[in-house]
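The values are calculated or read from the model by the stated rules, or taken from the named source; none is laboratory data. Note that the structure is a prediction, hence the values are computed from the model and not measured. No Cβ is skipped: glycine too gets one built from the backbone with ideal geometry, and neighbour counts run over all protein chains shown.
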Amino acid sequence: MTSILIANGPNLNLLGTREPSIYGAETLSDVEDMCRAEADALGVSVSFFQSNHEGALVDVLHDARGTHDGIILNAGAYTHTSIALRDAISGIGLPVVELHVSNVHAREDFRHTSMIAPVAAGVILGFGVQGYPLALRAILGKIGGRAA
């Protein structure tokens, strides 16, 4: 069965309480439930990971090789700063969809540059937590899985 890793970076554990006017009222647990339902409908399996630590995110990307077929990554603020995450994505040979809950281009200038986008299969942003099921469908299209 096709397996997708959904990895979330710093402050995503605060979804639902952190700046709900930007990020919405849904929690990370709500997002995981939504993704499980979408994965079931698509006939794929999903695993979840969240860390506020850059090195832990690098480690989970490395560990995805041989276990998962693709990755959805919401790297949070590390998107704009982490060469280490960019290099990990380049090195693992798996398609990665970069995901953001907010439209980073409608926000502060420092959020307009992504270190990850140039090595990602694609980017989904600005659709709130509904971006996660969109990303599941998108990553399946990249790996040749079943996308409805």
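Residues that are among the polar types (S, T, N, Q), at least 1 per element: which strands (runs of 3 or more DSSP E) completely within the range 19-105 meet that? Counting at least 1 such residues, we get 45-50, 70-74. When you scan the range 72-95, do you find a residue that is closer than 21 Å to Ser51 by Cβ, surrounded by fewer than 19 Cβ atoms within 10 Å (Cβ to Cβ), in contact with an Asp or Glu (Cβ under 7 Å, 6 or more places away or on another chain) and at pLDDT 95 or above, even just one? Within the range 72-95, one or more residues are closer than 21 Å to Ser51 by Cβ, surrounded by fewer than 19 Cβ atoms within 10 Å (Cβ to Cβ), in contact with an Asp or Glu (Cβ under 7 Å, 6 or more places away or on another chain) and at pLDDT 95 or above.
Where the second residue is modelled with pLDDT under 90 and of a type in the set (Ser, Thr, Tyr) and the first is over 21 Å from Ser82 (Cα atoms) and lies in the range 7-23, which pairs have Cβ atoms under 7 Å and are six or more apart or on separate chains? Filtered contacts from the range 7-23: Leu15/Tyr23; Leu15/Thr27; Gly16/Thr27; Ile22/Ser102; Tyr23/Ser102.
Contact map, the range 126-144: first residue under 24 Å from Gly16 (Cβ atoms) and without any contact (Cβ under 8 Å) to a residue 12 or more places away in the chain, second residue of a type outside the set (S, T, N, Q) and not in a helix (DSSP H, G or I), Cβ cut-off under 7 Å, separation 6 or more or different chains; pairs are Leu134/Ile124; Leu134/Phe127. Taking each residue of the range 76-100 that is more than 12 Å from Val58 (Cα to Cα) and looking for partners that are surrounded by fewer than 18 Cβ atoms within 10 Å (Cβ to Cβ) and of a type in the set (S, T, N, Q) with beta-carbon atoms closer than 8 Å, six or more apart or interchain, yields Gly76/Asn11; Ala77/Asn11; His80/Thr113.
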